[in-house]
Structure formats: C-alpha cells, structure tokens
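Taking it in order: structure first as structure tokens, then the write-up.
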Amino acid sequence: MSEPDAVVGDGRNESVNQQMDRNWGELIQELRVLQTGVQILAGFLLTIPFQERFKTLDDYQVGLYLANVILAALTTAVILLPVSVHRRLFRKQLKKTLVSSADRIAKVALAGVALLSAGTASLVFDVTAGRDAGFLAGGGLLAAMVLLLVLVPNWLLKRASKV
C-alpha cells in the first residue's frame, strides 16, 4: 500500500489523505472562529477614533490603541495565511505540509488573539477606570488566556497520555 493510501492507525479507518483532508477542514473551522473574534475586536477598535472622547486620550493610551490596531491587523493576516498557503500548495501533493503549517499558524493566531484581547481590555479599563485598573485588567486577562489557551490544553494532553 502506498503512503497516500495507507490506513492511519487511530481507529478511524481512513487513509492518510482522508486524515489530512479532515484535519485541514477542522483547522479551517477553528480559524473561522478566531477570525470572527478578531473582526469584532478590530471593528470595535476602528470606531474609537471617531468618538468624541478619543481626543482626551493621553500618549500612553493612544500608543496602546495603535498597538492594538496593528496587532488586530497582523492577527487577521496570520489567520488568513493558511488560505494563502493553500492557494500556493494546491494540487502539489503537499497536504501534510499544508496541514502542519496551518497547525503552527493557528497557534500563532491564538497568541495574537490573546494579546489583542488583553490589550483591548487594558485600553478600555485604562480609559474608564485609570492606569492601575488598565494594567490589572490587561495583565489578569493575559494570565487567564495563558491558563486557558496553553496550560489547560497541556494538562489535558498529559492526562490523556496517562490513560
């Protein structure tokens, strides 16, 4: 049996190609969810300069705002990257490369979403409740994101490997 037709040993009775197709579909669905969240945050950020209160922001707040806008744009680009990679690798028999690169890209996108969420919360708290509240909210949310997006999945992986 050639490799593309080999049956994968995970109990699903599917070929390597079928597994890669399924994995690709799952990754694209995950990226769609991420993209929606980033679009909502980016849309929110893009409306801020048109608010009257924007003129009252201090230099730190404007810098944090601009950093968040750049982060939103970069995270959007990272989320779109698998589509671009797919277009370049399409019909070149490189599905494994496509899936493994999209997996790494999705992890980078998750980090971008975590930073963007923390940065946006920090800005909102800074403007509405003060600098200390902004640092506390941003840092606390970033810590929660690390817990939820890194530590919990790693813990579940270790737990599953013991079974």
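State which residue pairs qualify: first residue within 21 Å of Arg91 (Cβ to Cβ) and inside the stretch 1-23, second residue modelled with pLDDT under 85 and small (Gly, Ala, Ser) in any location, beta carbons under 8 Å apart, and separation of 6 or more residues or different chains.
If the second residue must be modelled with pLDDT under 85 and small (Gly, Ala, Ser), the pairs left are Ser15/Ala6; Val16/Ala6.
Give the residue that is most open to solvent (accessible area, probe 1.4 Å), with candidates limited to residues of the stretch 10-57 that are outside any helix (DSSP H, G or I) and among the polar types (S, T, N, Q).
Checking each candidate, the answer is Asn13.
If you go through the stretch 52-74 one residue at a time, do you hit one that is without any contact (Cβ under 8 Å) to a residue 12 or more places away in the chain and either basic (Lys, Arg) or on the phi > 0 side of the Ramachandran plot (or both)?
Scanning the stretch 52-74 turns up at least one residue that is without any contact (Cβ under 8 Å) to a residue 12 or more places away in the chain and either basic (Lys, Arg) or on the phi > 0 side of the Ramachandran plot (or both).
Count, please, the residues in the stretch 104-133 that happen to be touching a residue at least 40 places away in the same chain (Cβ under 8 Å) and farther than 29 Å from Asn23 by Cα.
Within the stretch 104-133, residues that are touching a residue at least 40 places away in the same chain (Cβ under 8 Å) and farther than 29 Å from Asn23 by Cα number 7.
Scan the stretch 127-137 and give yes if some residue there is loosely packed, with under 14 Cβ neighbours inside 10 Å, modelled with pLDDT of 95 or more, over 15 Å from Gln35 (Cβ atoms) and aromatic (Phe, Trp, Tyr), otherwise no.
Within the stretch 127-137, one or more residues are loosely packed, with under 14 Cβ neighbours inside 10 Å, modelled with pLDDT of 95 or more, over 15 Å from Gln35 (Cβ atoms) and aromatic (Phe, Trp, Tyr).
Val99 passes all but one of (1) open to solvent by less than 80 Å² (accessible area, probe 1.4 Å); (2) free of Cβ contacts under 8 Å to residues at least 40 places away in the same chain; (3) farther than 28 Å from Ala143 by Cβ; (4) hydrophobic (A, V, I, L, M, F, W, C); which number fails?
Val99 satisfies all of (1) open to solvent by less than 80 Å² (accessible area, probe 1.4 Å); (2) free of Cβ contacts under 8 Å to residues at least 40 places away in the same chain; (3) farther than 28 Å from Ala143 by Cβ; (4) hydrophobic (A, V, I, L, M, F, W, C) except (2).
Report, by residue number, each residue of the stretch 85-111 that is polar (S, T, N, Q) and modelled with pLDDT of 90 or more.
Those that are polar (S, T, N, Q) and modelled with pLDDT of 90 or more: Ser100, Ser101.
Given the criteria open to solvent by 70 Å² or more (accessible area, probe 1.4 Å), at pLDDT 90 or above and either within 30 Å of Phe135 (Cβ to Cβ) or among the hydroxyl-bearing types (Ser, Thr, Tyr) (or both), does Tyr60 qualify?
yes
The values are calculated or read from the model by the stated rules, or taken from the named source; none is laboratory data. Keep in mind the model is a prediction, meaning the values are calculated, not measured. Positions of Cβ are generated from backbone atoms using ideal geometry, with glycine treated the same way; all protein chains shown enter the neighbour counts. The protein model used for the area step is the full one, side chains on, heavy atoms only, and it has no ligands, DNA or RNA in it. Shrake-Rupley method; radii C 1.70, N 1.55, O 1.52, S 1.80 Å.
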